[in-house]
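Novice: Take a look at the following structure, please.
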Amino acid sequence: MHGFLEDWDWAQTVVRFTDQRPPDEIVQSVRAIALVDDRVVVCAQAEGGIFLPGGTREPGETVDGCLRRELLEEAGFRVDGEPNWFAAHCGVSYHSMRYRPHCPFPLKSWLWGSVHGEFVSPPTNPPGAEQVVLVTTLPPRQAVEALAPLGRGYSQALEYWLTMGGANGA
């Protein structure tokens with residue numbers, strides 16, 4: 001499965017949605033469909049807007065480690081088991097420089113995974129990261145509808161995940 005090309009101007013990258021896992025060395029960021037009782041974890045940030053938890057890898061960090069760290073920071077969520085990596089947005093940056101010195105460039109990917117887990121704390125909100133003011137869960141279909149206007153691949157990944165069996169296949 002390969003999606004159409006899309007210009008993510010917010011990331012200055014042209015991406016394509018795919019079910020092929022990219023090599024870890026070009027994975028800049030991970031994103032999660034995190035599930036609690038078959039409901040999708042959604043975060044709201046202080047600046048307004050909602051998002052699915054995830055973020056940029058730190059130097060030397062594995063993709064699994066990044067997913068676990070980001071979920072704890074942004075949602076106070078502890079992962080049970082291993083992530084099911086099911087898709088990615090892969091692209092080529094047209095920015096003049098790397099996002100961060102350790103990030104891949106110009107090829108980069110946002111890797112999508114689904115996980116089950118539980119809330120264990122409030123978001124840690126480290127300095128320099130999104131400041132999360134609310135964490136909630138939504139039924140998957142409602143999450144698709146709520147995230148669709150935002151772009152950034154959220155609803156596209158959720159829709160694809162649902163076609164693969166959704167919460168039953170996480």
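Laboratory data are not the source of any read-out in this text; all were calculated from the coordinates shown. None of these values were measured; they are calculated from a predicted model. With ideal geometry, Cβ positions are generated from the backbone for all residues, glycine too; neighbour counts draw on all protein chains shown.
Novice: So, counting K/R as plus one and D/E as minus one, what does the shell of residues with Cβ under 9 Å around Arg78 add up to?
Specialist: With Lys, Arg at +1 and Asp, Glu at -1, the net is -1.
Novice: Given the alpha-carbon gyration tensor of region 112-165, what are the semi-axes of its equivalent ellipsoid in whole angstrom, ordered largest first, with each equal to the square root of 5 times an eigenvalue?
Specialist: They are 23, 15, 11 Å, listed largest first.
Novice: Then there is this: By average Cβ neighbour count within 10 Å, what is the ranking of 36-45, 114-123 from highest down?
Specialist: Descending packing order for the listed peptides: 36-45, 114-123.
Novice: State, to one decimal in nm, how far the label point of Thr124 lies from the label point of Glu47, with both points 7 Å from Cα in the Cβ direction.
Specialist: 2.2
Novice: Could I have the simple spin-label model distance between Thr62 and Gln142, label points 7 Å from Cα toward Cβ, reported in nm to one decimal?
Specialist: Taking the simple label geometry, Thr62 and Gln142 are separated by 3.5 nm.
Novice: Can you bin every Cα-Cα distance in region 2-165 into 5 Å intervals starting at zero and give me the percent of pairs per bin, rounded to whole numbers?
Specialist: Result, from short to long distances: 2, 9, 19, 23, 23, 17, 7, 1, 0 percent.
Novice: DSSP loop trypsin sites (Lys or Arg not before Pro) in region 80-170 with at most 14 other Cβ atoms within 10 Å of their Cβ, which ones?
Specialist: When the trypsin sites (Lys or Arg not before Pro) of region 80-170 are filtered for loop state and at most 14 Cβ neighbours within 10 Å, Arg98 remain.
Novice: With Cβ to Cβ distances under 12 Å as the rule, what net charge do the other residues near Arg69 carry (K, R +1; D, E -1)?
Specialist: That sum, taken over residues with Cβ under 12 Å, equals -3.
Novice: Residue by residue through region 77-89, what is 3J(HN,Hα) from phi via Karplus (6.51 cos²θ - 1.76 cosθ + 1.60, θ = phi - 60°)? Round to whole Hz and write x for glycine and proline.
Specialist: Values per residue, Gly and Pro as x: 10, 9, 6, 9, x, 9, x, 9, 7, 10, 6, 7, 9 Hz.
Novice: Cα centroids of region 50-70 and region 86-131: how far apart, whole angstrom?
Specialist: 6
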